[in-house]
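Colleague: Dropping the structure in here first, questions after.
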Amino acid sequence: MARDKSVTVKVRTFAVSNLREFTPIEISEIAFSRDQRIQGGIELHIGDTLILGRSDTDTIDALWSLILTYIEGFMKDRSGVLNFPERGFMFSLKKMGHGDALVKFTDREDKRAAVGREKDILAALTSGAVEFFSAVLDSSPKDDWSYRRDLNTAQRLYAECSGLQ
């Protein structure tokens, strides 16, 4: 898996509407609450490789919370695999040295992997979490403390990413 130093990492979040349509979170008008189990997907592209896609749906607020916890552990040199809560998916990050990281996604039928700059991958994921939880707090009828906590965690981790080499 050779990697061009200019690999772009992009993250977008989609919520599944009542009409079963994928709506970008920034324009979604869904009112979130932890007990609603709103489905959604995260698109994670590393270069031309789609690692996570819209078809990899899960309860989107729980998924972003789990990803933040996973990233926090990864940044503290704890490794492991993130198992998606409702599906048979696994997601993992592995430090490759020289500032690179391997990102892998596995489910029953598909395996996707790509190498990118660790800093770029973590910055994109934490930025995606900031965008998601900001949109959730903007659209929710009440300020759920757990969403506020997750937003604060995402903002802190994003700031920590800037210190990586």
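Colleague: If we scan the stretch 138-152, do we find a residue that is crowded, with 19+ Cβ neighbours inside 10 Å, at pLDDT below 90 and part of a helix (DSSP H, G or I)?
Modeller: No; the residues of the stretch 138-152 include none that is crowded, with 19+ Cβ neighbours inside 10 Å, at pLDDT below 90 and part of a helix (DSSP H, G or I).
Colleague: Would a scan of the stretch 1-22 turn up a residue that is open to solvent by 70 Å² or more (accessible area, probe 1.4 Å) and touching a Pro at 6+ places or on another chain (Cβ under 7 Å)?
Modeller: yes
Colleague: Okay, next question. Keeping to the stretch 89-99, report how many residues are more than 12 Å from ILE51 (Cα to Cα) and open to solvent by less than 30 Å² (accessible area, probe 1.4 Å).
Modeller: Here the count works out to 1.
Colleague: A further question on this structure: For the stretch 37-70, what are the residues that are assigned to a loop (DSSP other than H, G, I, E, B) and touching a helix residue (DSSP H, G or I) at 6+ places or on another chain (Cβ under 7 Å)?
Modeller: Residue satisfying the conditions is ILE38 alone.
Colleague: What is the residue count in the stretch 26-60 for residues that are farther than 15 Å from ARG87 by Cβ and not β-branched (Val, Ile, Thr)?
Modeller: Residues that pass the stated criteria total 15.
Colleague: So, in the stretch 61-75, how many residues would count as being under 15 Å from ARG87 (Cα atoms) and either open to solvent by 20 Å² or more (accessible area, probe 1.4 Å) or more than 12 Å from the chain's Cα centre (by Cα) (or both)? Before you say what the answer is, go through the steps one by one.
Modeller: At the first step, the residues of the stretch 61-75 found to be under 15 Å from ARG87 (Cα atoms) are 61-64, 66-67.
Filter once more, keeping what is either open to solvent by 20 Å² or more (accessible area, probe 1.4 Å) or more than 12 Å from the chain's Cα centre (by Cα) (or both): 62, 66.
Qualifying residue count, the stretch 61-75: 2.
Colleague: Another question, if that's okay. Scan the stretch 112-137 for residues that are assigned to a helix (DSSP H, G or I) and among the small types (Gly, Ala, Ser) and jot them down.
Modeller: ALA123, ALA124, SER127, GLY128, ALA129, SER134, ALA135
Colleague: Still on this model: Restricting to the stretch 100-132, name every residue that is under 17 Å from CYS161 (Cα atoms), of a type outside the set (A, V, I, L, M) and either out of contact with any strand residue (DSSP E or B) (no Cβ under 6 Å at 6 or more places or on another chain) or open to solvent by less than 30 Å² (accessible area, probe 1.4 Å) (or both).
Modeller: Correct list: ASP100, GLY116, ARG117, GLU118, LYS119, THR126, SER127, GLY128, GLU131.
Colleague: Pick from the stretch 24-46 the residues that are surrounded by fewer than 16 Cβ atoms within 10 Å (Cβ to Cβ) and touching an Asp or Glu at 6+ places or on another chain (Cβ under 9 Å): which of them is modelled with the highest pLDDT? Show your work before the answer.
Modeller: Of the stretch 24-46, the ones surrounded by fewer than 16 Cβ atoms within 10 Å (Cβ to Cβ) are 24, 26-27, 29, 31, 33-37.
Imposing the further condition that a residue be touching an Asp or Glu at 6+ places or on another chain (Cβ under 9 Å) reduces the set to 26, 33-34, 36-37.
Values: GLU26: 88, SER33: 80, ARG34: 78, GLN36: 82, ARG37: 85.
Filtering first and then ranking leaves GLU26.
The values are calculated or read from the model by the stated rules, or taken from the named source; none is laboratory data. No experiment lies behind these values; they were computed from the predicted model shown. For neighbour counting, all protein chains shown are included, and Cβ atoms are generated from backbone atoms with ideal geometry for every residue, glycine included. These area figures cover heavy atoms from the full protein model, side chains too; ligands, DNA and RNA do not enter into them. Shrake-Rupley method; radii C 1.70, N 1.55, O 1.52, S 1.80 Å.
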